[in-house]
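**Student:** Have a look at this one.
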Ligand code: AGP
């Protein structure tokens, strides 16, 4: 997610803005910029890379003025470059933005037809043109912004300046965070609290569909229609370190709770409900010519690939193999030009995965990626071939992958629907049903997160166990693997994920009353078989923690602990069933005092073999 800071008051704006952006650095970014209005002129400084590059530029070309905005950009539309860095200015209107404008293509086309010229590849620049166009039609700044906002669809946190009205900052929010800081004869706006704490602890969180006008003297909030909104500032007593984690104890916990937003952002702008089709920006794969798909990945991303196999084969009827990248690259794979190779990677820098797609490319395959970091090495390797489908999870700081994993699953589901519709294996009716199921996921996850307390109790009961077994079938078998990986990598407790159907072929010898077994037995085609495997555990005094579907009253008769997930399409189950497993692993690790965000021996991105 991008970082935003704005200031209006009696002090010099630039140092306040840049220091505020520095407090948001942990969020990850690839360029930064500042705009200040002084003496009737808007001055902008922007630099690619880290803030130190902007610092250097500001030393060479300083900015003065007491009204300004700044931004650190996490690229979603348009590569990381000075030209695409924010702020964006046109005709005296300057904008910074966090979010995704869903209808930017239509708006850009309309503005270009009106003769407006664009300087960047971003969706953000459109807002500057919309406001400038409205003001050229005679509206004042506030009215022009309101009118421009009525034309925009999507997620946004806009902060806007106007050279003609240099005493105010306007900000507006929908789905992306904005917090206002109230000072003495000064006002602040930011995308997150850490940027404000050095100046004020009196804050107001803007709500979706609201806009605010900040001047040196006051902050006023209205709805987008202009109706006044009464507000009471809150006092924030977090420490700066706590503030970086949004009040969460660890980044991993914050990122687990960001999943509803990350999933909504990954879906946003890609679903064409009228045609029941999916628009995959950045992909240029000849889907119809594909005879076979090979997914290559590591770790958690490998687990999402295993789920992807189920989803893509069920929906698009393309044969899918899933291979550990470190194995694929050395097994002289049988690949031809009718094979598609899909790399799944959060960081886009995993050495084995990068090597695997280079190997596939050299054998004539089309390569494409599901990736969370724009312009990463894996993304760049695929640009000249099948392209990249970006997850919009935002930076993932915790080493244990959570929101990147669930957004990968969403991306794979979108991919499968796209393949199915293109290849004629998925009807419009069925696709409509699936897309409606997909859009329920964010609030279904919100509902589960609100029941965290029951997962904390489960973690307390089993935090001293030294071995765990995780069992699942079908698309939940990879979730058993993922649940086990989450536990072992952050709590250092041995855990093994296994296909429930394999119990009789060995692992059942492990079962006794000291070994908790986590079973995933959600309703659907695998339910009965999985329950009978779990009853075998029960019969041998094994402790059973079962993830089941809401409405299942039978499962409690065999389980020691149950957590129920909402009902959805069985192919979407994994996105739901992984969430309680993430929180059980997190709370066991937290109770045992391990370094949850930076576990021993692990790196966030494994850029070596
Ligand atoms: C995830 O919890 C792990 N930290 C690790 O397995 C990770 O998924 C793996 O290293 C792959 O990383 P990537 O997705 O960035 O390629």
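Every number here is computed from the coordinates shown, using simple stated rules; none is lab data. Note that the structure is predicted; figures quoted are calculated from it, not measured. Here Cβ is always computed from backbone atoms with ideal geometry, including for glycine, and neighbour counts include all displayed protein chains.
**Student:** I need the calculated FRET efficiency for the pair residue 198 and residue 230, taking r as the beta carbon distance and R₀ as 22 Å, to the nearest 0.05. Intermediate values should be presented prior to the final figure.
**Tutor:** Details: r = 28 Å, r/R0 = 1.27.
Computed FRET efficiency for residue 198 and residue 230: 0.20.
**Student:** Can you bin every Cα-Cα distance in the stretch 27-158 into 10 Å intervals starting at zero and give me the percent of pairs per bin, rounded to whole numbers?
**Tutor:** Distribution as computed: 13, 42, 34, 10, 0 percent.
**Student:** List the extent of the Cα atoms of the stretch 335-387 along each of their three principal axes, largest first, rounded to whole Å.
**Tutor:** 28, 19, 13
**Student:** Moving on to the next point. To make sure I understand, if each residue's beta carbon is the centre and we count other beta carbons within 10 Å, what order do 110, 460 fall in, fewest to most?
**Tutor:** Values: 110 16, 460 12.
Starting with the residue having the fewest Cβ neighbours, the order is 460, 110.
**Student:** At R0 = 25 Å, how high is the FRET efficiency between residue 241 and residue 11 if r is their beta carbon distance? Nearest 0.05 is fine.
**Tutor:** On the way: r = 25 Å, r/R0 = 1.00.
Rounded to the nearest 0.05, the efficiency is 0.50.
**Student:** Same structure, new question: Taking Cα atoms, how many degrees apart are the long axis of helix 104-113 and the longest axis of the chain, rounded to 10 and kept between 0 and 90?
**Tutor:** Taking the Cα atoms of the chain, the angle to 104-113 is about 30 degrees.
**Student:** Could you give the semi-axes, largest first, of the ellipsoid that matches the chain, computed as the square roots of 5 times the alpha carbon gyration tensor eigenvalues and rounded to whole Å? Walk me through the numbers before you get to the answer.
**Tutor:** Details: eigenvalues 384, 155, 97 Å².
Equivalent ellipsoid semi-axes, largest first: 44, 28, 22 Å.
**Student:** Rank the residues 231, 310, 205 as a footprinting-exposure proxy: fewest other Cβ atoms within 10 Å of their Cβ go first. Please report the intermediate quantities before stating the final value.
**Tutor:** Working: 231 17, 310 22, 205 14.
The fewest-first ordering by Cβ neighbours comes to 205, 231, 310.
**Student:** Compute the projected area of the convex hull of the Cα atoms of the stretch 275-320, averaged over all viewing directions, and report it in nm² to one decimal place.
**Tutor:** Details: hull surface 16.3 nm².
In nm², the orientation-averaged hull projection of the stretch 275-320 is 4.1.
**Student:** Can you give the angle from 0 to 90° between the axis of helix 452-462 and the longest principal axis of the chain, with both taken from C-alpha atoms, to the nearest 10?
**Tutor:** 40 degrees
**Student:** Roughly what percent of Cα-Cα pairs across the stretch 292-414 reach past 18 Å?
**Tutor:** Details: 3304 of 7503 pairs.
Result: 44 percent of Cα pairs exceed 18 Å.
**Student:** Another one. Taking the highest mean first, how do the peptides 439-450, 3-14 order by number of other beta carbon atoms within 10 angstrom per residue?
**Tutor:** Details: 439-450: 16.9, 3-14: 24.2.
The packing order, highest mean first, is 3-14, 439-450.
**Student:** When a footprinting reagent is the concern and you count Cβ atoms within 10 Å, what order do 309, 225 take, fewest first?
**Tutor:** With the sparsest Cβ surroundings first, the list reads 225, 309.
**Student:** For the pair residue 41 and residue 112, what calculated FRET efficiency results from E = 1/(1 + (r/R0)^6), where r is the Cβ-Cβ distance and R0 = 25 Å, to the nearest 0.05? List each step's numbers first, then the result.
**Tutor:** On the way: r = 27 Å, r/R0 = 1.08.
In this case the efficiency is close to 0.40.
**Student:** If I histogram all Cα-Cα distances within the stretch 32-107 using bins 10 Å wide from 0, what percent of pairs lands in each bin?
**Tutor:** With 10 Å bins starting at 0, P(r) equals 19, 49, 26, 6.
**Student:** Based on a Kirkwood Rh over C-alpha pairs, give the Stokes-Einstein translational diffusion coefficient of the stretch 143-252 at 4 °C and viscosity 1.567 mPa s in µm²/s.
**Tutor:** Values: Rh = 14.6 Å.
It diffuses with D of about 89 µm²/s by this estimate.
**Student:** Quick one: if you stick a label point 7 Å off each Cα along the C-beta vector at residue 453 and residue 284, how many nm between them?
**Tutor:** Calculated label separation equals 5.5 nm.
**Student:** In addition: Above 17 Å lies some portion of the pair distances; for the stretch 378-485, what is it as a whole percent of all C-alpha pairs? Numbers along the way, then the final one.
**Tutor:** On the way: 4176 of 5778 pairs.
Cα-Cα pairs of the stretch 378-485 separated by over 17 Å account for 72 percent.
**Student:** What does the highest-first list of 520-532, 592-604 look like by mean Cβ count within 10 Å? Kindly include the intermediate steps, with their values, before the conclusion.
**Tutor:** Working: 520-532: 20.0, 592-604: 14.3.
Ranked from most to least packed, the peptides come out as 520-532, 592-604.
**Student:** A follow-up question, please. Angle check, please: helix 51-60 long axis (alpha carbons) against the longest principal axis of the chain (alpha carbons), in degrees 0 to 90, nearest 10.
**Tutor:** That works out to roughly 20 degrees.
**Student:** On to the next question. If you scale each eigenvalue of the Cα gyration tensor by 5 and take the root, what three semi-axes come out for the stretch 243-298, rounded to whole angstrom and sorted largest first?
**Tutor:** Details: eigenvalues 222, 66, 14 Å².
Semi-axes (√(5λ), whole Å): 33, 18, 8.
**Student:** Next question, about the same structure. Which value, in nm² and rounded to one decimal, describes the direction-averaged projected area of the C-alpha convex hull of the stretch 499-609? Working shown, then result.
**Tutor:** Working: hull surface 36.9 nm².
That works out to 9.2 nm², a quarter of the Cα hull's surface.
**Student:** Sort 379-388, 237-246, 45-54 by packing, meaning the average of other beta carbons within 10 Å per residue, with the highest value first.
**Tutor:** 379-388, 45-54, 237-246
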